[in-house]
Amino acid sequence: MAEIEPYESAMDAIPGAHPYPRSSRYHDAEIGVHRTADGTEVRYAKRRLLPPLGEEQTEDGESATHTVNAGERPDLLAQHYFGDPAQWWQIADANPVLDPHELTEEAGRDIRIPHAGGFPASGGRHV
Amino acid sequence: MSEQPVGRGPIHITLQTGPRLTRPVPPEVVEALLSAQITATAGERSGFQLAFDLTKTGALSRRLLPEGFFDPKTRVILSVSVKGTAEVLLDGLIVRQEVGASNQPGHSTLTVTGEDLSVLMDLEERTDRFPNLRPSQRVARILAKYADYGIEPRVFQEKIEQPPREQLRVEYQTATDLAYVTDLARANGYIFFLEPGPRPGRSTAVWGPEIRIGQRQHALNVNMDANSTVDQLTFAYDGTAREEPQARVQNPATRDTLLLPQPDIGPLRPPLGRRATPALRRRTLSGTAKKESEQAQAELLARAALSADAISGSGSLDVNRHGYILRPRELVGVRGAGVTYDGDYYVKSVTHNIRPGSYQQNFTLSREGLIARSGTVRP
């Protein structure tokens, strides 16, 4: 049985005030508080783990494959597949690369595009 | 944008069904989906209606419908993703199906209607006794029974503490779990609802106050030419909505009655408007003399707070134009409606109307006073 929260926490905690908006890749990241030696509190986003790879391939083959053409960029692909260029990180997550430019550097490379209606890696409850 | 089929356009729908654990539906079902309508209201049960095309030789009428794919008590999870950001809109159970067979080809439809998972709590009448448990503890104990559908309770302690005294009174439940929990919420000025998400298959049962503070959603613009995001917006100011309840309690030892002082509803309902509506009606709560004074106080506060919303607005918007999904039970700013009606509102209910090529939302807003408290809203 979950704990009963005090009444004040409903009114003190600011709902929806996660520092990252819903469309951000850090939205599901947990916010930690670091207390320095002199007592000041520093808030930071905890490490964000990538979703398990290869999961979407087993799930009904929902993720599409895209063959890179010359002149493509991750943001253009995101605009094409999701309708929002800022979602390029979803493509970068599905093909683990350190530098997003690696995705489209080489024409002819096959990259995976995650299912557009899908959810990113499971995270905590968002408030 | 408008010509693309469901699942291909910039708004994507994911539909999952199953008995208790769900899985994505076969592609024929998504192709046959004509429209989806989902209603979510603060403090009430959410409902949904899905319409499917029922062609004579299609997989739906030949295989899926007879096999019980749309039978009552089938769980349905619908999530939409707008611009790559996914959100669960619905997690519910089918309770009813209708087949409209038509003489014209292509006009036969299957309509499934259902409610959110709280219908599970409304199936069985129970009698139970709760000795020495506060209202929030009773709610937490009831909600703990529904964990196997992924319902996670989130219960807040009541505003006015009501310490239980077993020697004096033992609380009984005689209705269904949902009715009892909703009654307890109403007696404390709280609301009870199930919020689907954040992941498919999970939902949160919230028993607590309407959260009327914090970050606003993206503002609704009306009457602003090309910058308008709302198709139309109507406001109503009902002067008789707000009432001033009165309650008397009796001291059992001396038999003296005492009129309780008017409570301050500010903590339960932080004001959103500058000029609060005066209470025109005065009514007496019945049956409070028999209750303990804390219970009577809580009921008085609840009645005063729940009737305070004299101003309501309703309208509709196009999600493609607005760019965001308006979520119910949160605050939103309104611009362009004039000095009197601009400002922040609580989103009371939202109806999502999804069909291939369009995503419309109808919403109702409410607040308790005229004139915005601050000069700006979040854009």
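Rule-based calculations on the coordinates, nothing more; no lab input. Worth saying up front: this structure is predicted, and the values here are computed from it rather than measured. For neighbour counting, all protein chains shown are included, and Cβ atoms are generated from backbone atoms with ideal geometry for every residue, glycine included.
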Item checked: Amide H partners (placed H, <5 Å) of residue B:151, local residues excluded -> B:203
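Rounded to the nearest 20 Debye, what is the dipole magnitude of the protein assembly as shown about its Cα centre when Lys and Arg each give +1 and Asp and Glu each give -1 at the C-beta?
Magnitude of the dipole: close to 1440 debye.
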Checklist line | D_trans [Stokes-Einstein, Kirkwood Rh over alpha-carbon pairs] for the range B:121-208, 20 °C, 1.002 mPa s, µm² s⁻¹ | finding: 159
Item checked: Percent of beta bridges antiparallel (DSSP, the protein assembly as shown, rounded to nearest 5) -> 90
Next item on the list: List every residue whose amide H lies under 5 Å from the amide H of residue B:220, counting only residues 5 or more places away in sequence or on a different chain, with H placed 1.01 Å from N in the peptide plane.
Entry: B:333, B:334, B:335
Notebook entry, point to check: When the helix-only estimate is applied to the protein assembly as shown (DSSP H runs of n ≥ 4, each -39,500 (n - 2.57), divided by the residue count), what is the mean residue ellipticity at 222 nm, nearest 500 deg cm²/dmol?
Noted result: -4000 deg cm²/dmol
Check: What ³J(HN,Hα) values, in whole Hz, does the Karplus curve 6.51 cos²θ - 1.76 cosθ + 1.60 give for the range B:297-308 when θ = phi - 60°, with x put for Gly and Pro?
Finding: 4, 4, 5, 4, 4, 4, 5, 5, 6, 5, 8, 6
Checklist line | Kirkwood Rh and Cα Rg combined as Rg over Rh, evaluated for the range A:55-114 | finding: 0.94
Margin query: From the gyration tensor of the Cα coordinates in the range B:222-379, what semi-axes in whole Å does the equivalent ellipsoid have, largest first, with each one equal to sqrt(5λ)?
Written below: 39, 16, 12
Note to self: Using a 10 Å cut-off around each Cβ, can you sort B:158, B:292, A:30 from fewest to most neighbouring Cβ atoms?
What the structure shows: A:30, B:292, B:158
Check: Per residue of B:214-220, what is the mean number of Cβ atoms on other protein chains within 10 angstrom of that residue's Cβ?
Finding: 2
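What does the C-alpha gyration tensor say about the overall shape of the protein assembly as shown? Classify as rounded when a/c is under 1.5, otherwise prolate if a/b is larger than b/c, or oblate. If you can, show how the numbers build up before the last one.
Details: a/c = 1.72, a/b = 1.53, b/c = 1.12.
Prolate, because a/c is 1.5 or more and a/b exceeds b/c.
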Margin query: If you take each beta carbon of peptide B:76-83 and count the beta carbons of other chains within 10 angstrom, what is the mean?
Written below: 3
Checklist line | Karplus (6.51, -1.76, 1.60) ³J(HN,Hα), θ = phi - 60°, over the range B:214-225, in Hz, Gly and Pro reported as x | finding: x, 6, 7, 7, 4, 5, 8, 9, 10, 6, 10, 6
Note to self: If amide hydrogens are placed 1.01 Å from N in the peptide plane, which non-local residues have theirs closer than 5 Å to the one on residue A:109?
What the structure shows: A:68
Margin query: Give me B:151, B:77 sorted ascending by neighbouring Cβ count inside 10 Å, so fewest comes first.
Written below: B:151, B:77
Item checked: Derived scalar couplings ³J(HN,Hα) [the range B:256-268; Karplus, 6.51 cos²θ - 1.76 cosθ + 1.60; whole Hz; x for Gly, Pro] -> 7, 9, 9, 7, 6, x, 5, x, 8, 7, x, x, 7
Notebook entry, point to check: If you add up the charges near residue B:262, with Lys and Arg at +1 and Asp and Glu at -1, over every other residue whose beta carbon is less than 12 angstrom from its beta carbon, what do you get?
Noted result: -1
Note to self: Taking the square root of 5 times each eigenvalue of the Cα gyration tensor, what semi-axes in Å does the equivalent ellipsoid of chain B have, largest first?
What the structure shows: 40, 29, 16
Item checked: Those aspartates and glutamates that a straight Cα-Cα span of less than 19 Å connects to residue B:290, excepting residues fewer than 8 apart in one chain -> B:161, B:166, B:171, B:183, B:256, B:299
Note to self: What does the structure give for B:84-91 when I average, per residue, the other chain Cβ atoms found within 10 Å of the residue Cβ?
What the structure shows: 5
